[in-house]
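Sharing a structure, written as structure tokens. Questions coming.
Laboratory data are not the source of any read-out in this text; all were calculated from the coordinates shown. A quick note: this is a predicted structure, and the numbers were derived from the prediction, not measured. Here the Cβ is made from the backbone with ideal geometry for all residues, glycine too, and neighbour counts use every protein chain on show.
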Ligand SMILES: Nc1ncnc2c1ncn2[C@@H]1O[C@H](COP(=O)(O)OP(=O)(O)OP(=O)(O)O)[C@@H](O)[C@H]1O
Ligand SMILES: Nc1ncnc2c1ncn2[C@@H]1O[C@H](COP(=O)(O)OP(=O)(O)OP(=O)(O)O)[C@@H](O)[C@H]1O
Ligand SMILES: [Mg+2]
Ligand SMILES: [Mg+2]
């Protein structure tokens, strides 16, 4: 951590002054937001500049590397026609619902695997095996079993996200210092109380990492599931948009699709996981700044 | 943990007897292996039985749920023609190489993100954004940029695995109790020594979870990348086999492909990650049995 | 298997003893590398008794407490537990890092289903008792070592108050593993006084591990000395009500015995 | 900003002091919720001096040691560090859970690039010194609380031996935060003796935090008393070479002063 | 602004035979000429020292990517992706040098649907956005005034079959052998054969395109490839039964599964294996993309074709040459 941002003040100024250290005003929200937002924006701008330079140098033909402006035009068209909202909404709401259902299934599953030896040995490896199955593998079966509708999509998302979240939880639970559940037991925690009040909160920092990976899995599975079919009934999501670009061999459209998916990924990270992580780590004195 | 498996022995039998407790012979390797292997095998057998029953009940038409025996015939054909070795070898060696390269890139990246505030803020969200991009999104670009060869495949695998491994490492590092790096500093660890001797080993249990997820990502990305094309240069992998089943609308073949991929997933888990995890957790007294 | 724990009422004669060890042994690990921590331990704590456990570092005191608390199973012998669930002060503070100091103290009450307002009040009161009034909203990592130990003490005291439900009617038991080791002399004095007051007021039995012979003699009614490797009960002293010169003499005697036990082990 | 640490040789007069505090203050947090742990602390440790630090629980002793070790930065004032990197015994054992006891003791030697055979020998020797000979291959979770503390002690002693490289020629400094708190009286006696022997043999300066006034008087040449909230130096005593009645009187006097400091804080 | 960089100047007159020729194809009945040529070793016969590297693809866009990325020299491909490849590279990267298959696409429907108007409110499937069938269907709907009243869904052929069996799909505009499979395996009826929409019933289904640079550098190798193609087409047309067996054998080898005899019979009956890419239709195909609302303006296809070598080969074999219909000039 950089040394506290103190104003110069002579120590002789009086001891009272020290009781509440003369710090940079905390309320300077603008500055703090800037400190958060600037680095990623800087990185993105840098990326775009490199892209533009590479393109301008005509290092590759245009059909290999599209012009940034061409991609921007596509995105702008989506924005100005309002279509971008449909794309975002379709994909994000599906991903959120799929993730939420996955969570409901994965948490009990992870708890069972981590805490019950037979389940760990019997089901544990199978869950990892499931996790290694690509989402597209499930597409034919999903269509056969569920038909061409949202159920098929959720099925694919679930099979991607559940094993990942469950594994993340198991890994988080495995790292809980054994003294904590022992203390819990000594304090009178039963099976359920111990899980609810000791194991789950203790595993939270590790579990958060697993959740992030689980989200990535469910989002990526969704993108794969959205490739199943483009149909008016299903609505058009980002996955379809990307797929259309690929079908038309339109590299600008592919780039626009990638960028939009990327933006959602970064957005979810910045708006959901980053604050969650920060607050969890800070409450436990695990911030990197403590190092 | 179940109580230690002691033979009945009267305490009066002599104090010497207690110095080395009369335990179930440790050397009974067979039994221990059985204890490990039986539960997953049992689970699999159970799964197959359910499948057979569902199929026999003709609950669904055959094109929705193939007969176990039909799937087994396909697999047997692959085994008897020796083709299964080509499939396994092509996919597994690619995945291992891709994973190894990812590791080499992801570890420094993760260390930088976890330890350097600017990098964390600037690059961290972008890495998470990258992680949320589906592998198929990179396929068109990979072919254009690298051509139809292993480089394109590795590129797709890298983009899947690197962000995941890096994020796993960051999450592992974030959970390291701050006292440990402090102790390291006090013991004279420099920047590099501290990373090598304190931070990395301390983050290992959490990082292992990340590695597992990273492996899943790289394997799944590989399956997506293998759909691109088959040529004598590229060889045929499991992903291609699965795709053939899908494009023939042959559900038995799809199931056989899924099963083979699943077997690899379970195998890697049982042969690589499970022992690694067990030894790491055991050395630190973090085994579930300690609970 | 001879190692069993009977959680039922153990009525030897007609007294209900909070805990009684019958030739208890405990070994860690198996085969060549096994460590025998306890061997043939016979020990009983009477209802309302204050027993202090002394012994060299690593002799098995913590192991013994864990057995009583039911956190470990003996490898040989038998433990009769007549008390309701014992409250434990662990050697490490082992606070839950995601809870504030007050949250940690409230935890056992929460697990017992005590309503929120009552929990709050009780936690504040207990924090006051361990001289941490007003620090309830601090997180464990913001507390000093001694403060953490006191929070753990308050937490254990909170968990003793459960005398309803399954614990009803049974004698209660408090297990304390060097609870005052990280405290300065004055705070320690105060808390020793408080502990004695609580002990007298509630009639709970206490099994108290300490390294400080003086503390053991001052607090305990009985002092039990464990040997090392393996831990066995070597000798016991009744020290109830000793004062002045008698107390000093007892301290002297126990110290000498302790020295003997430890040096004999070092020689072996 | 007035808070700086000068790692260069601090030559006040012509003596090289291992460490010197100039009106050092340390606050945690900012704004309303900030806690002032130390305030206006002036303190110097002379080369080869043995200074004991006393104070109530939570008064800022650990914070002070952290400042000396360079693990925290003061918010006000200035610290002159004349010694090579100080060796530290932390209040918690804080052993690396993935290393064996011997591995933990070897760690500072490994970080300093000592060859393997030498490292091994040194670690074995130090483990013998803290009476843990033969337990080098145990993992931290297999050790008792006191054993862990002793491993941490051995580790710190291993890290003092680095008197080459950048530390050459500078006085050395050992910081110890209640290193003996979890030890039984006898082991403690032995280790106190060893510590004094090492101190005399190597001429290293020692800053030693303890709660045991008797221990402070026995070991220290100077005893420094800190007040609580905020921590300030209240008084110092020269206690070198005291024995018998004089020692007892000093203990008595310091105890009384400590009591006064703590109760005045409690009243405030 | 972008730096000007000339496309690599091609050595006039070429650089002799290439070291290798990487040829893309799909394991599909419409690629029968490719399958026969590979199986019978017809392509390698004239290639001499040039090594043939056959590369199997699963979908057109990937093959286009490989061509544009320079890791493929020639490929059998559907006409839609072929036009896209030409258009997206601003008319630079690829040339159309021959046809392979014509015809073989049908609109198959549930038996309850008997006339186009019955499709209102129903789901009709095409294989992929912007592919030949997709464009055809959308244009047809536009002409029938049904656009917007029918749900057009893009779905992979295999899944269309399953979905049709399940009754989730009411109709599909599919290439062979899928239209046959729907008819024979799932009880679909043919509502419309695309042949009826084109003059002479001819429209390109599969064509052969080559990288422009490869064509300029190694005309000998391309010529050899074309003579192999002509031989393969002869083979297939001379002995259909043999051709079916060969194709089915290749399918089995490439994908692990062969087609039912009835399916392959019906599929072969609907396609014509011919070297004529029906160049005259390309202008129309490009315009149809606009009608079908796939593109905003019709991709430029002038200059796409280069039949010099093909006609040379055909002439030598004593077959009628093909007409470029103006497609060979910019
Ligand atoms: N989990 C374990 N695995 C292996 N050995 C253990 C384990 N726990 C304790 N031991 C061993 O058992 C013995 C007794 O340990 P215990 O913690 O009970 O000692 P103690 O009397 O509490 O010591 P201290 O006063 O130092 O805390 C020690 O030799 C220790 O090494
Ligand atoms: N990281 C922190 N954040 C906030 N407050 C802290 C932090 N570390 C210490 N403090 C506060 O600083 C004060 C001094 O703590 P310190 O650990 O130095 O006490 P100590 O003298 O070592 O006490 P003990 O004898 O109990 O170990 C305490 O009031 C504590 O709450
Ligand atoms: Mg202990
Ligand atoms: Mg302290």
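Between the alpha-carbon centers of region E:56-75 and region E:241-270, tell me the distance in whole angstrom.
The distance from the Cα centre of region E:56-75 to that of region E:241-270 comes to 24 Å.
In addition: Over the protein assembly as shown, what is the percentage of antiparallel beta bridges among all DSSP beta bridges, to the nearest 5? Show your work: numbers first, answer last.
On the way: 68 of 125 bridges.
Percentage antiparallel, nearest 5: 55.
For chain D, take N as its residue count and report Rg(C-alpha) divided by 2.2 N^0.38 Å. Don't skip to the end; give the middle numbers.
Details: Rg = 18.6 Å, N = 268, 2.2 N^0.38 = 18.4 Å.
Expressed relative to 2.2 N^0.38 Å, the Cα Rg reads 1.01.
What ranking do E:20, D:49 get, fewest neighbouring Cβ atoms within 10 angstrom at the top?
Fewest to most other Cβ atoms nearby, the residues stand as E:20, D:49.
Now for a separate question. Based only on the alpha carbon positions, what is the Kirkwood hydrodynamic radius of region C:46-88, in angstrom?
11.9 Å
Measure off 7 Å from each Cα along the Cα-to-Cβ vector at residue C:240 and residue D:116, then give the distance between these two points in nanometres to one decimal.
Once both label points are built, they end up 6.2 nm from each other.
Let me ask something additional. For the pair residue E:302 and residue A:89, what calculated FRET efficiency results from E = 1/(1 + (r/R0)^6), where r is the Cβ-Cβ distance and R0 = 30 Å, to the nearest 0.05?
The formula returns an efficiency of 0.10 here.
Please report, to two decimal places, log10 I(q)/I(0) for region A:83-283 at q = 0.15, 0.18 Å⁻¹ as given by the Debye formula with identical point scatterers on the Cα atoms and no solvent.
So the normalised log intensities are -0.94, -1.19.
Defining the label point at 7 Å along Cα→Cβ, can you sort the distances from residue C:198 to the same site in each other copy, shortest first, in nm?
3.6
Taking every alpha carbon pair in the protein assembly as shown, what does the distance histogram look like in 20 angstrom bins from 0, in percent?
Here the calculated profile for the protein assembly as shown is 9, 31, 28, 19, 12, 2, 0.
What does the helix-only formula give at 222 nm for the protein assembly as shown: each DSSP H stretch with n ≥ 4 adding -39500 (n - 2.57), the total divided by the residues, and the result rounded to the nearest 500 deg cm²/dmol?
-16000 deg cm²/dmol
Going by C-beta contacts inside 10 Å, put C:75, E:44, A:81 in order with the fewest on the left.
The fewest-first ordering by Cβ neighbours comes to A:81, E:44, C:75.
If contacts are Cα pairs under 8 angstrom and at least 6 residues apart, what is the relative contact order of chain D in percent?
26 percent
Can you work out D for region D:95-170 in µm² s⁻¹ from Stokes-Einstein, where Rh is the Kirkwood radius over C-alpha pairs, the temperature is 10 °C and the viscosity is 1.306 mPa s?
Answer from the Stokes-Einstein relation: 129 µm²/s.
Nearest 0.05, what FRET efficiency do residue D:214 and residue D:124 give at R0 = 30 Å with Cβ-Cβ as r?
Efficiency for this residue pair is about 0.40.
Once you keep just the Cα pairs under 8 angstrom separated by 6 or more residues, what percentage relative contact order results for chain E?
The value is 27 percent.
Further question on the same structure: Sort D:259, E:211, A:31 by Cβ crowding within 10 Å, fewest neighbours at the top. Mind showing how you got there, number by number?
Values: D:259 15, E:211 26, A:31 11.
Result, fewest neighbours first: A:31, D:259, E:211.
Roughly how far apart, in whole Å, are the Cα centres of region D:236-253 and region C:95-112?
A separation of 43 Å, based on Cα centres.
Between 0 and 90 degrees, rounded to the nearest ten: what's the tilt of helix D:185-202 against the longest Cα principal axis of chain D?
With rounding to tens, the tilt is 90 degrees.
Then there's this: I need to check one value: relative contact order of chain A, counting alpha carbon pairs closer than 8 Å and at least 6 residues apart, in percent.
Relative contact order comes out at 20 percent.
Give the separation of the Cα centroids, region E:130-179 to region A:170-200, in Å.
Spelled out, the Cα-based centre of one part sits 57 Å from the other.
Measure nothing but the geometry: give the 0 to 90° angle between the long axis through the Cα atoms of E:240-255 and the longest principal axis through the Cα atoms of chain E, rounded to 10°.
For E:240-255 against chain E, the angle is about 90 degrees.
Taking only Cα atoms, what is the 0 to 90° angle, nearest 10, from helix E:282-291's long axis to the longest principal axis of chain E?
Between the helix axis and the principal axis of chain E, the angle is about 40 degrees.
Now a separate question. Say a label goes 7 Å from Cα toward Cβ at residue C:141 in every copy; what distances in nm does this one have to the rest, shortest first?
Relative to the other copies, residue C:141 has label-point distances of 2.1 nm.
Let me ask another. Got a sec? Which residues in region A:124-166 would a label at residue A:116 touch, if it sits 7 Å along Cα→Cβ and we count backbone N under 12 Å?
In region A:124-166, the label zone of residue A:116 (backbone N under 12 Å from the point 7 Å along Cα→Cβ) covers A:124.
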